[in-house]
Amino acid sequence: MKFIPSNAQAIGARSEQQDAFGFSDPADAAFVAHSGLLGVLADGMGGLAFGGLASQAAVSRFIEAYSAKSPDESISNALSRSLSEANDAVLGIAYGQGLLDQVGTTLVAAVVHDGCLEWISAGDSRIYLVREGAAIQLTTDHVYGAQLDSLAARGQISQTEAMSDPQRGDLTSYLGKLCLKEVDRSPASLPLQPGDAIIVCSDGLYKVVTPDELADLVDAARNGKAVISELLLERALDQRRPNQDNITILSITCCAEEDHSRLPYEKPRVRLLPVLALILVALGLLVLAAFVWRHRAAGAGPAGPTTSIALRLE
C-alpha cells in the first residue's frame with residue numbers, strides 16, 4: 001500500500017498565522033522503512049503570548065526528535081519522547097520570556113507505517129479517518145466541555161448547563177505545561193486499507209466543515225483527481241466567516257500500488273523554524289537549566305534534598 005501526503009493552509013480572518021505543520025522526509029526510504037511517514041500539526045493558543053512561535057518551535061522540535069528514532073525504538077515510544085521534547089521547546093520559550101504558564105500550543109502527530117496508523121495528541125487539534133463515506137474522529141479533544149459532559153452524565157449538573165458554560169471550549173491540555181496529564185495516544189496500531197484518507201487539522205477547519213461534509217469532500221477530491229487538503233481548505237474559506245480562524249490541513253491518502261501513479265500528488269512542505277524562534281528556544285532552555293541547577297545547588301549537602309523539575313507524560 002502507498003501513501004499520498006498533501007497539505008494546505010490559510011490565515012483566515014486573523015492578523016497572524018499561529019498554526020504550524022511539517023512532515024518527515026518521505027524520500028528517506030531507510031527511515032520510512034522502520035519509522036514510517038510522520039505528519040505534525042500545532043495550533044498556537046491565541047489567548048496566550050507567542051502562540052505562533054510556540055507552534056513553530058513545537059513542530060520543529062517534534063520532527064527533529066522523531067527523526068532521531070532508531071530501528072529498535074517503537075513508534076509509540078518515539079511519539080511520546082518527541083512530544084515531551086516538543087513540550088520542553090515550548091517551555092524554553094516561556095522561560096526565556098519570563099512567561100511561565102503563558103505560552104502554549106496544541107500538537108497532534110500521525111504516523112503511517114507498514115499499513116497502520118499511530119498518533120499522539122495534546123489539545124483539540126484533530127485526526128479524522130475517512131473510510132467508506134464516513135469521517136471518524138480518532139483523537140479526543142482536551143477541553144473543559146468533556147468534564148462538563150461527565151458531570152451532566154452523573155446528574156451533577158443539567159445538560160443545558162453543560163452545553164451553555166462559557167468556558168466549555170477552554171483547553172485542559174496543551175504543550176507549555178510542566179506536567180502533561182492529558183495526552184491522547186492511539187491504543188494500538190490501527191490497520192488501514194486502500195481508499196482510507198487520514199485528515200489532520202486545526203479547529204479552523206472542523207468548526208466550519210462538518211464530518212459529513214468532510215467525508216463528501218474527500219470522496220469528491222478522489223473522484224475529481226483533486227488534492228484533498230486543497231479542496232477542504234477551499235470549502236472552509238468559501239463560507240467567509242467574519243472571524244475565521246487559521247486553517248491548517250494535512251491529508252494522507254492510502255491507495256493500492258497500482259493506483260499510486262493515478263492520484264494527484266503534492267510534495268509535502270516542511271515549515272522550518274525561524275532564526276528568532278531558535279534563539280528564543282535556546283535562551284529559554286538555558287534559563288530553565290540554570291533554574292534547575294540553582295535549586296539543586298540550594299538543596300545539596302549531606303542532609304539536604306535535591307529538588308528538580310520533572311516534565312512528565314502521564
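Where a number appears in this text, it was derived from the coordinates with a stated rule and is not lab data. Computed from a predicted structure; not experimentally measured. Backbone-built Cβ (ideal geometry, glycine too); neighbour counts: all protein chains shown.
General remarks:
- Once the range 181-217 is narrowed to residues that are outside any loop (DSSP other than H, G, I, E, B), under 25 Å from GLN17 (Cα atoms) and aliphatic (A, V, I, L, M), the residue that is farthest from the chain's Cα centre (by Cα) is LEU217.
- Just one of the numbered conditions (1) farther than 28 Å from ILE11 by Cα; (2) among the hydrophobic types (A, V, I, L, M, F, W, C); (3) in a strand (DSSP E or B) is not true of LEU151: (3).
- Residues in the range 65-79 that are touching a helix residue (DSSP H, G or I) at 6+ places or on another chain (Cβ under 9 Å) and not hydrophobic (A, V, I, L, M, F, W, C): TYR66, SER67, LYS69, SER70, PRO71, ASP72, GLU73.
- Complete set of residues in the range 75-90 that are without any contact (Cβ under 8 Å) to a residue 40 or more places away in the chain and in contact with a Gly (Cβ under 8 Å, 6 or more places away or on another chain): none
- The single residue among VAL32, VAL59 that is farther than 26 Å from ILE247 by Cβ and either free of Cβ contacts under 8 Å to residues at least 24 places away in the same chain or of a type outside the set (Ser, Thr, Tyr) (or both) turns out to be VAL32.
- Residue match in the range 88-101 (condition: surrounded by 15 or more Cβ atoms within 10 Å (Cβ to Cβ) and closer than 20 Å to PRO187 by Cβ): no
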